[in-house]
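In what follows, a structure is listed as structure tokens, so that the remarks can point back to it.
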Amino acid sequence: MKNETDMFRYERELMSRGIYYIAGVDEAGRGPLAGPVAAAACIPCLDKPVAGVNDSKKLTPKKREELYEKIRETAVSYKVVMLDNHVIDEINILEATKRAMREALEGLFPIPEYVILDAVKFNDLPYPAMSIIHGDALSHSIAAASIMAKVERDRLMQKYAEQYPEYGFESHKGYGSKHHIEMILKYGPSPIHRMSFLKNILGDKNG
């Protein structure tokens, strides 16, 4: 199991070069059948980093909420952007993810000196950047962004659960669980379902 100092390897190297405004970027919600994709950009405070920050998928919902509040209170800057199912259906999930990431970065102030992204690559960002595979488990900055994106998206899906209670969004957050698919087949898609993701489930009748 990685210890917490492993999460700062990239940050330490950049800080040794005099770079301190390091933005981590990550997404939440690329795979679900419903709801938005969320992207977060976060410049965490590296002088006094929040303890316990890790890949959001490795944390309990309660721990994510706790860390979210601490990151939000201490970060130099952060921005979360969500693009809805209509945008995803129009331009595809990868392009929607990249657009959300770009908009999140554009929402930061001060402007980051360096950007670390989880897996996704850009060729035209106006900042020096690197992309790290499984970066949310290797970089504190990316992990902080992953928590911000995950918590805000989950909170929105909880609201959608109240609006569309038949689908059970509160439990699966839009992912393709057995129950979720059964409810889609029973009730048809809701206004927040990604129709481009449902073609194999619904066939041609709704596509």
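The values are calculated or read from the model by the stated rules, or taken from the named source; none is laboratory data. The model shown is predicted, which means the values in this text are computed figures rather than measured ones. So basically every Cβ, Gly included, is an ideal-geometry build from the backbone, and we count neighbours across all protein chains shown.
Things to note:
- Scoring residue 135 on the criteria (1) crowded, with 24+ Cβ neighbours inside 10 Å; (2) over 16 Å from residue 22 (Cβ atoms); (3) in contact with an Asp or Glu (Cβ under 8 Å, 6 or more places away or on another chain); (4) not polar (S, T, N, Q) leaves a single failure, condition (2).
- Counted residues, region 153-207 - those being at positive phi and modelled with pLDDT of 95 or more: 4
- Identification of helices (runs of 4 or more DSSP H) wholly contained in region 153-204 with 2 or more residues that are surrounded by fewer than 16 Cβ atoms within 10 Å (Cβ to Cβ) and of a type in the set (D, E, K, R) yields 178-187.
- Checking 119, 96 one by one, the residue that is closer than 14 Å to residue 39 by Cβ, in contact (Cβ under 8 Å) with a residue 24 or more places away in the chain and not charged (D, E, K, R) is 96 and no other.
- Checked against the criteria, residue 99 does not count as basic (Lys, Arg) and under 23 Å from residue 45 (Cα atoms).
- Counting the residues of region 16-62 that are part of a helix (DSSP H, G or I) and either free of Cβ contacts under 8 Å to residues at least 24 places away in the same chain or buried (at least 19 other Cβ atoms within 10 Å of the Cβ) (or both) gives 2.
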